[in-house]
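Only one structure is covered here, and it is reproduced in the block below.
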C-alpha cells in the first residue's frame, strides 16, 4: 500500500499553496472545484463507450478511429487533454496498457489511475513479462494469443476495446457496460460473460 | 554510447530487472486528500499556463534516485511543482522553508 504523505510534505504543500494564494494564483474554491470535477471521471465512462462499440458498428468505427471524439460524444471535455487512442482486441490479439515512465492514463474516461498502475513493479514488468502480470490477475488468454503492450505517454493516452464475451447476445447496453471493468479497459483482465461468471 | 554504457534514468522503468521478481501490489486505494489536492493544483497551474505536463515530468525525473524511491507518488509531483514554481520565480525559497 502506498504510504501516506509525510508530515513535512503536507506542511510544504500548504506553504506552497499559501504563497500561490497570496499572489492570487489559486483559491481554495478553485481547488475544491477542480477536485470535484476530477472525482467525477470514472471507468463507467470507458465501459459505456465499449458497450456501445459492441452494439453499434458505426460507433465502433468512429471510436477506433478517434477515441477523443468518442469521449467528447460521451459528454467528456477533452479540451487540453492528450489524444485518446483505442486499442481494439481481436481474436488472437490482446492489448495491455502501461506507462513505463510514470503513470499516464486516460483519466478523462477512466478516472484516477489505481495505485498498482503507478507501481514500480507494474511499470517495469508489464513490458518484460506481460503474461506473468496477467496471471496475477487470474487472466489467462486463449492459447496462441499475441499480446501487444502499449506505452501510454504524456502525449497520447490509450484504452483497450476488449472482445465481447460469448453468451452476451441480446444484452442491453447497461448489461454490457456492467461487465466492462476498469481492469478490462487497461487490459489486465477480460470482461466476463455469463458462463465464466457462473463458473467462478 | 554503447548499450553497455547506457544506464536509463531512474523513472525509465520498462523492463527494469530490479522488480522482475516482485509481484504487483494490488493497491486499489484512491488518492488520499493530500494526493487529490496536489492533483487539483497541478491541473489549475497547467490551465493557467504556469506549467506544462512536460515540465512536471522533467521535475520528477530529476529527483535523485534515493529520494525518488522514498517519496510517495504525489509527493514526487509536489516536489516537482515546488521546483518549477521556484525556478520560474513565482514563489520564493523563503516561503517554502
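A short reminder: the numbers here are calculations on the coordinates, not readings from a lab. Computed from a predicted model, the values in this text were never measured in an experiment. Cβ: placed from backbone, ideal geometry, glycine included. Neighbour counts: every protein chain shown.
Here each label is just a point 7 Å from Cα along the line to Cβ, and for residue A:55 and residue A:135 those points are 3.8 nm apart. Here the convex hull built on the C-alpha positions of chain A has a volume of 146 cubic angstrom per residue. Can you work out D for region A:131-200 in µm² s⁻¹ from Stokes-Einstein, where Rh is the Kirkwood radius over C-alpha pairs, the temperature is 37 °C and the viscosity is 0.692 mPa s? Once the numbers are plugged in, D ends up at 243 µm²/s.
With respect to chain A, whose longest principal axis is taken over its alpha-carbon atoms, helix A:43-55 is tilted by about 30°. Looking at the protein assembly as shown alone, DSSP beta bridges between its own residues are antiparallel in about 10 percent of cases.
Placing one equal scatterer on every Cα of region A:87-190 and applying the Debye formula, the log10 ratio I(q)/I(0) at q = 0.13, 0.14, 0.15, 0.17 Å⁻¹ is -0.46, -0.53, -0.61, -0.78. Normalised by 2.2 N^0.38 Å, with N the number of residues, the alpha-carbon radius of gyration of region B:3-96 equals 1.26.
Evaluated at q = 0.27 Å⁻¹, a Debye calculation over the C-alpha positions of region A:46-102 (equal weights, vacuum) places log10 I(q)/I(0) at -1.19.
If each residue of separation counts as 0.36 nm, what is the full-extension length gain between residue B:53 and residue B:18 once their alpha-carbon separation is subtracted?
Numbers: separation 35, 0.36 × 35 = 12.60 nm, distance 2.72 nm.
In short, 9.9 nm is gained.
Taking each residue of B:37-50 in turn, how many C-beta atoms of other protein chains fall within 10 Å of its C-beta, and what is the average? Mind showing how you got there, number by number?
On the way: counts 9, 5, 7, 11, 10, 1, 8, 9, 3, 1, 4, 4, 0, 3.
Counting Cβ atoms of other protein chains within 10 Å of each residue's Cβ and averaging gives 5.
Any idea what angle helix A:7-22 forms with the longest principal axis of chain A, computed on alpha-carbon atoms, 0 to 90 degrees, nearest 10? Approximately 70 degrees, to the nearest ten. Summary value for region A:1-140: 22 percent relative contact order, contacts being C-alpha pairs under 8 angstrom separated by 6+ residues. With each label modelled as a point 7 angstrom along the Cα→C-beta vector, the residue B:70-residue A:143 pair spans 5.2 nm. Relative to the longest principal axis of the Cα atoms of chain B, the long axis of helix B:73-87 makes an angle of roughly 50 degrees.
Here A:99, B:82, B:21 are placed in order of increasing Cβ neighbour count within 10 Å, fewest first, which gives B:21, B:82, A:99.
Using the beta-carbon distance between residue A:90 and residue A:156 and R0 = 25 Å, what value does 1/(1 + (r/R0)^6) give for FRET efficiency, to the nearest 0.05?
Numbers: r = 21 Å, r/R0 = 0.83.
Between residue A:90 and residue A:156 the formula returns 0.75.
Highest average first, the peptides A:140-151, A:38-49, A:123-134 ordered by how many other beta carbon atoms sit within 10 Å of their residues are A:123-134, A:38-49, A:140-151. Between residue B:25 and residue A:74, the simple spin-label model (points 7 angstrom out along Cα→Cβ) gives 3.0 nm.
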